[in-house]
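The values are calculated or read from the model by the stated rules, or taken from the named source; none is laboratory data. These numbers come from a predicted model, not from an experiment. Quick reminder, even Gly has a Cβ in these numbers, built from the backbone with ideal geometry, and neighbours come from all protein chains shown. When the accessible area is computed, the model is the full protein with side chains, heavy atoms only, and any ligands, DNA or RNA have been set aside. Shrake-Rupley method; radii C 1.70, N 1.55, O 1.52, S 1.80 Å.
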Amino acid sequence: MIGANVPPFPPEYRASGLLLHVTSLPSPYGIGDLGSSAFLWVDRLHDAGQRWWQALPLGPTGYGNSPYQSLSSFAGNALLISPDYLVADGLLRAGDCESRFATNLADYEAVIPFKHRLIEKAWTYFQAGERRDLRHAYDDFCSKQSCWLEDYALFRALKAKYHGAYYLDWPPELVQRKPDALAGARRKLERQIDQVRFAQFLLFRQAEELKAYARSKGVGLIGDLPFFVSPDSSDVWANPELFLLDEQRRPRFVAGVPPDYFSAQGQLWGNPVYNWDALRQTGYQWCIDRLRALLAHVDAIRLDHFRAFAAAWHVPAGAPTAQSGQWTPGPGAEFLQTVQHELGHLPFLAEDLGVITPDVQALRDGFQVPGTRVLQFAFDGHPDNPYLPHNFVPNTVVYTGTHDNATTRQWYEQSSDSQRQNFWNYLKRPPGESTEVASELMRLAWSSAAALAIAPLQDLLNLGSEGRMNVPGHADGNWRWRVTADMLTPSAFHRLEKMTEDTRRSTRCDAMKTRGTIETVF
């Protein structure tokens with residue numbers, strides 16, 4: 001055994017939770033936030049016997065509003081700041097927040113300028129002397145987070161100055177980070193930089209309160225960390241030596257996946273790839289800092305694209321397809337050993353979907369990191385399909401579907417006749433209606449041997465195509481779905497509570513009382 005001696009999930013651990021991104025919460029301000037609806041959501045989970053709330057990445061989003069293309073690995077998304085809590089804090093007036101937004105979709109075009117105006121007003125009030133008692137906390141925050149905050153604040157101020165342009169299209173002296181050019185930009189953009197810093201202070205303050213409240217309710221928070229970073233991010237701009245870039249700071253290789261059954265040409269993601277030799281020489285410090293930054297807000301992390309720790313598909317920059325790429329070794333066991341030494345534990349869930357080779361399995365199992373199973377992938381008629389529940393090992397997280405999948409109801413409606421029949425045959429019951437499938441798939445997940453079962457809220461609410469969060473490969477219309485308050489009916493959560501108790505996953509089960517605290521799991 002090359003990793004921890006104790007698995008993340010204690011013996012006989014059984015728990016469950018729901019997947020819901022923060023932006024999808026109810027709110028009168030056009031997008032979900034860290035305000036009262038987030039606290040009420042924690043209450044709902046607790047009351048229904050749920051142990052975990054999983055969200056998508058929490059970083060600031062850029063083009064397309066995708067949480068998987070963040071402008072920073074360390075900053076948070078300022079759109080998640082609660083206006084109501086700023087009013088309660090005395091940093092805004094109630095009249096400042098008057099607005100009218102759609103309640104069923106995240107209205108990014110309207111929300112972004114609205115939230116920016118609120119942050120600017122809050123900063124103005126703060127500068128004028130409101131909440132003087134927070135000045136020390138603000139200064140302390142800026143000092144403690146300076147290793148990433150200064151670069152990020154300047155990056156955002158410059159991005160605004162150049163109307164959102166890709167940083168490689170800025171003046172060359174800024175792309176190359178010439179000291180005189182950076183100093184001049186900091187002087188000219190001082191007010192904008194201050195507002196970015198202040199927004200992060202406000203956001204971190206609200207996030208700390210939410211995490212503390214969730215813990216008081218016995219609800220753990222699962223975050224999500226993309227393996228690669230966005231090409232247009234403060235991460236790459238401020239740390240070019242950590243990526244395989246040319247002299248003009250453009251990627252020499254980009255990330256993707258090779259051709260497979262689903263795509264004859266593979267997939268080109270466009271993310272720059274890491275310079276693992278450079279990172280290794282620092283003891284992987286930047287990577288460890290990245291993990292610590294997210295763990296300040298969550299209790300466990302879903303490691304997206306886990307297979308890249310073993311090997312990633314590197315495609316030469318400029319290649320028209322991913323076919324010309326090759327597998328390039330990742331940091332492997334040495335990295336996870338270093339992280340374990342630095343953090344003292346490995347609070348991770350591995351997203352190990354797709355074609356997984358033996359080296360990836362060995363890395364995952366050697367460190368006893370729980371793997372991922374998605375039931376929507378299970379019903380191809382092959383009894384050895386790893387996504388069928390009878391093939392699960394306990395150290396597993398099972399999902400009905402993920403943010404990239406159709407809702408379960410939509411999945412069933414779009415499935416072939418043979419898939420549908422395979423599904424009902426596996427349940428050993430006559431075929432039913434599409435309206436029954438989501439609840440049946442959830443019960444299958446909750447009844448399985450997997451230590452942790454999670455479903456998107458959309459499946460609990462039995463939504464169809466209207467509830468889909470993301471369609472991979474489609475640039476427009478994603479990440480907008482939101483739940484409205486009237487959709488969160490008591491009956492849905494009562495059903496969830498009963499199913500959780502019936503399958504011995506409830507927080508009220510004896511095993512969970514003795515072995516279910518967040519601290520004993522991760």
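Based on the reciprocal of the average 1/r between different C-alpha atoms, the Kirkwood radius for segment 25-73 equals 12.5 Å. Comparing Cα centroids, segment 52-111 and segment 170-205 end up 21 angstrom apart. Using C-alpha pairs under 8 Å with a sequence gap of at least 6, the mean separation divided by the residue count of segment 226-360 gives a relative contact order of 26 percent.
Computed from the Cβ-Cβ distance with R0 of 30 Å, the FRET efficiency linking ASP96 to LYS217 stands at 0.45.
Taking the dipole about the Cα centre of the chain, with the C-beta of Lys and Arg at +1 and of Asp and Glu at -1, give me whichever of SER66, GLY90, ALA199 is farthest to the positive side. Of SER66, GLY90, ALA199, it is GLY90. Sparse packing (at most 14 other Cβ atoms within 10 Å of the Cβ) combined with a DSSP loop state is found for the following chymotrypsin sites (Phe, Trp or Tyr not before Pro) in segment 216-293: TYR261, PHE262. How large is log10 I(q)/I(0) at q = 0.15, 0.17, 0.20 Å⁻¹ when the Debye formula is applied to the Cα atoms of segment 323-479, each weighted equally and without solvent? Normalising to I(0) and taking log10 leaves -0.90, -1.07, -1.27. Between 0 and 90 degrees, the angle of helix 179-188 with respect to the longest Cα principal axis of the chain falls at about 90 degrees. When every alpha-carbon pair in segment 334-421 is counted, what percent end up more than 16 Å apart? That tail contains 61 percent of the Cα-Cα pairs. What's the local net charge at VAL175, with K and R +1, D and E -1, over the other residues with C-beta under 15 Å away? Computed value for this residue: -3.
Once the 1.4 Å probe is applied to the protein heavy atoms, the chain comes out at 42 Å² accessible per residue.
Using a Förster radius of 25 Å, what is the FRET efficiency between VAL355 and GLU241 based on their Cβ-Cβ separation? Nearest 0.05, please. Don't skip to the answer; put the middle values down first.
Values: r = 32 Å, r/R0 = 1.28.
So, using R0 = 25 Å, E works out to roughly 0.20.
The residues MET487, MET469, sorted by heavy-atom accessible surface at 1.4 Å with ligands and nucleic acids left out, run MET487, MET469 from largest to smallest. Counting only protein heavy atoms and using a 1.4 Å probe, what share of the accessible area of the chain belongs to carbon plus sulfur, as a whole percent? Reported share for carbon and sulfur atoms: 52 percent. With a Förster radius of 41 Å applied to the C-beta separation of ARG132 and ARG177, the computed FRET efficiency comes to 0.70. Here segment 1-121 is treated as a sphere whose radius is the Kirkwood value from Cα pairs; by Stokes-Einstein at 37 °C and 0.692 mPa s it diffuses with a coefficient of 200 µm²/s. Run through every distinct alpha carbon pair of the chain and return the Kirkwood hydrodynamic radius in angstroms, one decimal place. Hydrodynamic radius (Kirkwood, Cα pairs) of the chain is 24.1 Å.
Suppose we look only past 17 Å in the calculated P(r) of segment 241-364. What percent of the Cα-Cα pairs does that tail hold?
61 percent
Considering all different alpha carbon pairs of segment 201-277, the Kirkwood hydrodynamic radius works out to 15.7 Å.
When only Cα pairs under 8 Å and 6 or more residues apart are kept, what is the percent relative contact order across the chain?
Working: 908 pairs, mean separation 109.2, N = 522.
Contact order relative to length: 21 percent.
Among the trypsin sites (Lys or Arg not before Pro) found in segment 275-359, not one is both in a DSSP coil and sparsely packed, with 10 or fewer other Cβ atoms within 10 Å of its Cβ. Between segment 429-460 and segment 298-354, what's the alpha-carbon centroid distance in Å? Their Cα centres are 30 Å away from one another. Taking every alpha-carbon pair in segment 149-299 and binning the separations at 5 Å intervals from zero gives 2, 8, 14, 16, 17, 16, 13, 8, 5, 2, 0 percent. Taking the Cα centre of segment 395-522 as origin and assigning +1 to Lys and Arg Cβ atoms and -1 to Asp and Glu Cβ atoms, the resulting dipole is close to 380 debye.
Measuring how big segment 395-502 is from its alpha-carbon positions, Rg and Dmax come out at 14.3, 41 Å. Only Lys, Arg, Asp and Glu carry charge here, each on its Cβ (+1 for the first two, -1 for the last two); on that basis segment 83-150 has a dipole of about 100 debye about its Cα centre.
Taking the Cα centre of segment 127-232 as origin and assigning +1 to Lys and Arg Cβ atoms and -1 to Asp and Glu Cβ atoms, the resulting dipole is close to 200 debye. Heavy-atom accessible surface of LEU349, to the nearest 10 Å², is about 0 Å², with a 1.4 Å probe and all protein chains retained.
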